[in-house]
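Down below is the structure, laid out as structure tokens.
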Amino acid sequence: MVLCLEDARKPKLDYLVGCNLGARPIDQHIKGFEALGADVEVANGNITAKARKLTANSIYMDVVSVGATINIMLASVLAEGTTIIDNAAKEPHIVDVANFLNTMGADIRGAGTDIIKVNGVKELKGNATYSVVPDQIEAGTFMLAAVASKGDIVVKNCITKHLESITAKIVEIGGNVDANGDHLRVWCNTRTNKATIKTLPYPGFPTDLQPQMGVVLSLSKGTSIINESIWESRFQYTAELNKMGAKITAQGKSAVFEGVDKLNAAPVYACDLRAGAALIIAGIAAKGKTEIYNLNYIDRGYENIEEKFRKLGAKIERVNDEQL
């Protein structure tokens, strides 16, 4: 059983504050804005960007950045001429933003590839109707929960191609995945095998599923290794899993997972969004009643996550201190 708690003894964090995963440089954002003709000033903790007119340009991204790619697309939609974004991020939500803007009258081509071309238009229309792409990270979270708990679930309304890197790893370690249209059945009835994983930008294994996979590898046979190439502080969750009996040694951007037979319940604290999801998975798989605090992190990225897990058979509820 896993018991999710609202901790009244600790101040709630602002929902607008992101997860503390390390440095978040914005140099590529600024580079893109300036290339389009904006004046950007960074002073006293504030960033001010001004432009009377934006003009298209060719912009090479020094590093692949999802946020910078989206911001440059947004800025160049109404710029005069054709903007070329080279070494662009290719995540599904890059394509989603481009498709959304195109329904409003933008002319964006190549989203989902290394090179995006944006032909500036005079205006955007405000009467577009658009359906947002399914969240592959939420889908992947439930897929890995099924593997960690030796369960059998069907994830509906997903885009299976977006989940290929997760599917490949699940199959590699001994789990089962069956794709049928926009449905994925995931099941596992045996202890999984070790693996070596390196997080990469899409279409590689996503950093946002690394903690959830860490729970799976904590319970797998043998010694597994995860190398994190995106965030420098992604392994904070390993200390909480170790409280539950995991044997993880994390140093810098790498972690070694010595597989254990089982996890045991313990009070644990979510240190970021995906760490919180991982702890829920660990609590479901563990023996006893696990208490999870800092739910504000989890709520930033999952809607009614406890209700969805309850429908899958998990014994999970959200309570406050007075109900303990």
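No lab work stands behind these numbers, since they all come straight from the coordinates. Quick caveat: nothing in here was measured; it's all calculated off a predicted structure. Cβ coordinates were reconstructed from backbone atoms using ideal geometry, including for glycine residues, and neighbour counts include every protein chain displayed.
Ordering Asn71, Tyr60, Gly105 by Cα displacement along the dipole of region 53-119 toward the positive end leaves Gly105 in first place; charges were set at the Cβ atoms of Lys, Arg (+1) and Asp, Glu (-1).
List the GluC sites (Glu not before Pro) within region 220-279 that DSSP assigns to loop and that have no more than 12 neighbouring Cβ atoms inside 10 Å.
On the way: sites: Glu228, Glu232, Glu240, Glu258; in loops: Glu228, Glu232.
When the GluC sites (Glu not before Pro) of region 220-279 are filtered for loop state and at most 12 Cβ neighbours within 10 Å, Glu232 remain.
May I ask you to compute the full-extension gain from Arg185 to Val256, defined as 0.36 nm times their residue separation minus their alpha-carbon distance, rounded to one decimal in nm? Full extension from Arg185 to Val256 adds 22.6 nm. In the chain, if the dipole is taken from +1 on Lys/Arg beta carbons and -1 on Asp/Glu beta carbons about the Cα centre, which of Asn304, Ala195, Thr82 is farthest to the positive end? Farthest along the dipole direction, towards plus: Ala195.
Loop-located trypsin sites (Lys or Arg not before Pro) in region 247-324 (DSSP state not H, G, I, E or B) with no more than 12 neighbouring Cβ atoms inside 10 Å: Lys262, Lys315. Rounded to the nearest angstrom and listed largest first, the equivalent-ellipsoid semi-axes of region 122-163 from its Cα gyration tensor are 34, 9, 8.
Evaluated over the Cα positions of the chain, the convex hull gives a direction-averaged projected area, one quarter of its surface, of 17.8 nm². Computed over region 53-119, the alpha-carbon pair-distance distribution with 10 angstrom bins reads 25, 61, 14, each value a whole percent.
Under a point-charge model restricted to the Cβ atoms of Lys and Arg (+1) and Asp and Glu (-1), what is the dipole moment magnitude of the chain relative to its Cα centre, in debye to the nearest 20?
Numbers: 36 positive and 37 negative charges, 139 e Å.
I would put it at about 660 debye.
Sparsely packed loop sites in region 66-171 (the GluC sites (Glu not before Pro) outside DSSP H, G, I, E and B with at most 11 other Cβ atoms within 10 Å) comprise Glu123.
Report the gain in length on full extension from Arg310 to Thr196: 0.36 nm times residue separation, minus Cα-Cα distance, nm rounded to one decimal. Show your work: numbers first, answer last.
Details: separation 114, 0.36 × 114 = 41.04 nm, distance 3.14 nm.
In short, 37.9 nm is gained.
For the pair Val42 and Lys161, label points projected 7 Å from Cα toward Cβ lie 3.7 nm apart.
By count of other Cβ within 10 Å, fewest leading, how are Glu317, Glu306 ordered? Write down the numbers at each step before the final one.
On the way: Glu317 14, Glu306 19.
With the fewest neighbours first, Glu317, Glu306 line up as Glu317, Glu306.
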